[in-house]
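Right, one structure below, let's go through it.
Quick note: the coordinates plus some simple rules give every number you see, no bench work behind them. Worth saying up front: this structure is predicted, and the values here are computed from it rather than measured. Note: ideal-geometry Cβ built from the backbone for every residue, glycine included; neighbour counts use all protein chains shown.
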Protein chains: 2
Amino acid sequence: MATMLSEFSLIDRFFGRRAAAARPSDAGAGTLGIGDDCALLAPRAGEMLAISTDMLVEGRHFLADVDPEALGHKTLAVNLSDLAAMGAQPQAFTLAFSLPKADEAWLAAFSEGLFALAARYGCELIGGDTTGGPLNLCVTVFGSVPPQAALRRDAAQSGDDIWISGTLGDARAGLGVLRGEWPADPADTAAFRRALERPEPRVPLGLALRGIAHAALDLSDGLAGDLLHILERSRMHATVDADAVPRSTALRRLAPEIQQRCTLAGGDDYELCFTAPATARAAVEAAGREAAVPVTRVGTISALPAPDDRPAIDWRDAAGAPLTLTLQGFDHFHAD
Amino acid sequence: MATMLSEFSLIDRFFGRRAAAARPSDAGAGTLGIGDDCALLAPRAGEMLAISTDMLVEGRHFLADVDPEALGHKTLAVNLSDLAAMGAQPQAFTLAFSLPKADEAWLAAFSEGLFALAARYGCELIGGDTTGGPLNLCVTVFGSVPPQAALRRDAAQSGDDIWISGTLGDARAGLGVLRGEWPADPADTAAFRRALERPEPRVPLGLALRGIAHAALDLSDGLAGDLLHILERSRMHATVDADAVPRSTALRRLAPEIQQRCTLAGGDDYELCFTAPATARAAVEAAGREAAVPVTRVGTISALPAPDDRPAIDWRDAAGAPLTLTLQGFDHFHAD
């Protein structure tokens with residue numbers, strides 16, 4: 001993985017010099033950064049490394065004309081969001097990418113967006129690889145977490161509340177505007193695009209929920225599909241008030257049916273969905289305040305009606321009446 | 001990074017079921033595998049994780065018609081080679097890839113090559129990401145190494161011998177045959193292609209060299225260029241006997257000038273180049289025997305003639321006479 005520094009002076013200029021410098025290997029939990037065959041990294045004492053990898057491909061995860069500064073932000077943000085969902089403290093990341101050509105303005109803007117977010121979370125670039133080829137961005141991110149405090153998907157318990165951070169649906173609403181699926185006024189369009197292009201990983205909330213939340217994940221493919229991952233791994237059932245799912249003022253100006261599909265099956269939200277015991281409601285609210293992000297209670301976890309039942313979600317409206325949702329075929333940007 | 005299991009049943013079948021299963025998070029150094037937002041991993045007690053990432057792109061790092069089983073092998077092998085060069089013990093890897101389509105026979109063969117090598121080195125798949133797109137393979141690999149025993153690039157010392165494992169040049173000779181640059185008989189062609197497509201990472205040798213070698217790296221871009229990385233980071237000079245660089249019987253049947261260019265600037269060798277004090281010659285030979293790989297002494301490290309000099313290699317022939325090499329413009333497969 002030594003190629004990042006040696007091949008293109010542009011790559012060196014925009015990435016190598018801002019990466020973690022090689023340090024003495026006896027620096028304990030420090031890193032041996034770019035320039036050797038491997039980086040060296042250790043979690044904090046008594047903790048483990050939480051590791052996640054995501055690959056972003058042009059046309060699949062972003063449009064060809066995306067602002068490269070926003071793309072740099074999002075490339076790291078979607079990985080930090082996975083750390084947030086485990087309650088892990090970001091430490092470092094590697095970046096491998098293939099580029100059709102080394103375009104100076106593009107690399108300058110992309111690296112600016114990437115490193116601005118990395119700096120905010122103290123997450124150092126420790127290695128990478130660059131090559132020619134169709135545009136492809138692959139980040140692997142490393143955080144530190146005490147194993148007992150990790151927010152797993154299989155830890156939801158009967159009686160838990162189901163919580164959502166922030167608001168859902170704006171990213172999908174933005175994609176719909178870009179695609180011409182529905183109109184929105186300029187201010188709302190700007191808000192939707194910002195949600196689509198510059199998601200904010202909920203790292204502080206993930207850390208604040210250690211010891212409070214039971215199960216958690218980050219919402220990348222839409223609440224309806226992603227919550228099922230918690231239910232399947234925890235062997236639990238859920239009842240969710242679809243009208244309680246938090247949405248922005250801008251989204252509330254779209255048609256009710258579009259609001260519902262965007263919030264429940266929108267994708268690209270990068271908010272946390274988590275469960276916590278009802279006794280922890282005040283603690284969850286306090287964690288939200290500490291992390292400066294709203295948290296909203298949307299439903300309840302319960303035991304499977306019968307042990308062999310498939311985990312599923314019962315959707316209800318605000319009055320508690322059952323809802324039949326038709327979310328199938330509502331594709332979103334983060335299609336795979 | 002949850003998409004590996006959920007999207008394609010083929011991906012699940014060939015990768016998910018052979019990946020590390022989720023285990024209780026209190027398993028100490030164990031892993032929380034595929035199926036959660038992150039994997040959890042720790043190095044051995046008192047050690048650090050050595051981390052490397054490589055991205056392989058069709059047409060750049062392999063030909064479109066490559067045997068997918070061999071490609072699976074090589075995708076992991078080039079990453080394990082980076083661990084070998086640090087003296088690290090392989091532990092785990094993540095795999096992110098984009099594929100134009102999910103072809104069952106291709107995935108079956110690719111995964112077979114990948115997991116066969118992973119099993120030999122006890123290296124578990126702990127996470128990944130899959131998406132549609134032009135064929136692109138990105139592996140991040142994790143090993144464990146005591147920080148003081150890591151074989152770094154900046155640790156060469158004046159008076160060190162320079163050593164090479166195995167033989168060099170066969171992979172480049174194989175690419176030349178495939179490209180029609182030179183002919184070879186069928187048996188030699190098969191040997192060259194095997195070197196090109198199925199490099200063997202020198203993991204046991206890297207482990208055996210802990211505490212013996214000073215500096216090390218793996219040869220991916222050719223000896224002439226890669227040895228310079230050690231010299232530049234160690235601020236040292238080298239004298240190398242070009243005729244002593246080990247080559248296979250098959251390679252010796254090609255023209256002498258082709259032999260020289262393939263061994264010195266061939267690329268894709270994935271052998272180790274390392275330095276060790278002259279007092280350690282017997283120990284190095286013993287490490288080679290222990291790892292069942294030949295090791296050959298090819299030169300000597302010396303102090304820079306003047307502190308401001310650029311690190312460089314003095315090439316000599318077998319009689320000790322200076323050689324002027326013209327290796328520029330000899331491109332190799334692993335072009336970036």
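Here are the numbers for the structure shown:
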item: For the range B:149-165, 3J(HN,Hα) per residue [Karplus equation, 6.51 cos²θ - 1.76 cosθ + 1.60, θ = phi - 60°, Hz, x = Gly/Pro]; result: 9, 4, 8, 8, 7, 9, 10, 5, 10, 4, x, 4, 6, 9, 10, 10, 8
item: Fluctuation leader among B:Thr130, B:Thr53, B:Thr279 - chain B, Gaussian network, Cα springs under 10 angstrom; result: B:Thr279
item: Ascending count of other beta-carbon atoms within 10 Å, so fewest first, for B:Ile313, B:Ile51, B:Ile164; result: B:Ile313, B:Ile164, B:Ile51
item: Antiparallel DSSP beta bridges within the range B:181-331, percent to nearest 5; result: 70 percent
item: If the convex hull is drawn through the Cα atoms of the protein assembly as shown, its volume per residue in Å³; result: 154 Å³
item: Burial ranking of peptide ranges B:115-127, A:138-150 (average Cβ count within 10 Å, highest at the top); result: A:138-150, B:115-127
item: Residue among B:Leu95, B:Pro43, A:Met55 farthest towards the positive dipole end of the protein assembly as shown, charges placed on Cβ; result: B:Pro43
item: Span-rule helices in chain A, defined as complete DSSP H runs reaching 27 Å or more along the axis (Cα) with Kyte mean at least -1.0; result: A:68-86
item: Mean Cβ count within 10 Å, highest first, over the residues of peptides A:81-93, A:228-240; result: A:81-93, A:228-240
item: Between the range A:272-306 and the range B:113-151, the alpha-carbon center distance in angstrom; result: 36 Å
item: Other-chain or far-sequence residues with amide H under 5 Å of A:Asp129's (modelled H); result: A:Leu95, A:Ala96, A:Phe97
item: √(5λ) per eigenvalue of the Cα gyration tensor, the range A:151-316, largest first, Å; result: 27, 18, 12
item: From phi via Karplus (6.51, -1.76, 1.60), per-residue ³J(HN,Hα) for the range A:51-65 in Hz, x at Gly/Pro; result: 10, 9, 9, 9, 10, 10, 10, 4, x, 9, 10, 7, 7, 4, 9
item: Order of B:Ser220, A:Ser52 under a 10 Å beta carbon neighbour criterion, fewest first; result: B:Ser220, A:Ser52
item: Highest-fluctuation residue, A:Gly113, A:Gly211, A:Gly46 considered, GNM on chain A with Cα pairs under 10 Å; result: A:Gly46
item: Chain A, helix-only ellipticity at 222 nm - DSSP H runs n ≥ 4, -39,500 (n - 2.57), divided by all residues, nearest 500; result: -9500 deg cm²/dmol
item: Net dipole in debye of the range B:235-301 [+1 Lys, Arg Cβ; -1 Asp, Glu Cβ; about Cα centre; nearest 20]; result: 100 debye
item: Cysteines, chain B, no other Cys beta-carbon under 4.7 Å; result: B:Cys38, B:Cys123, B:Cys262, B:Cys273
item: Under 16 Å from the B:Lys101 label point (7 Å along Cα→beta-carbon), backbone N, the range B:109-132; result: B:132
item: Residue order, fewest to most surrounding Cβ atoms within 10 angstrom, among B:Trp106, B:Trp315; result: B:Trp106, B:Trp315
item: Local electrostatic count, A:Ile301, Cβ distance below 13 Å [Lys/Arg +1, Asp/Glu -1]; result: -1
item: GNM result for chain A, Cα springs below 10 Å: residue of A:Leu272, A:Leu227, A:Leu323 fluctuating most strongly; result: A:Leu323
item: Pairwise Cα inverse-distance average, inverted: Kirkwood Rh of chain B (Å); result: 20.8 Å
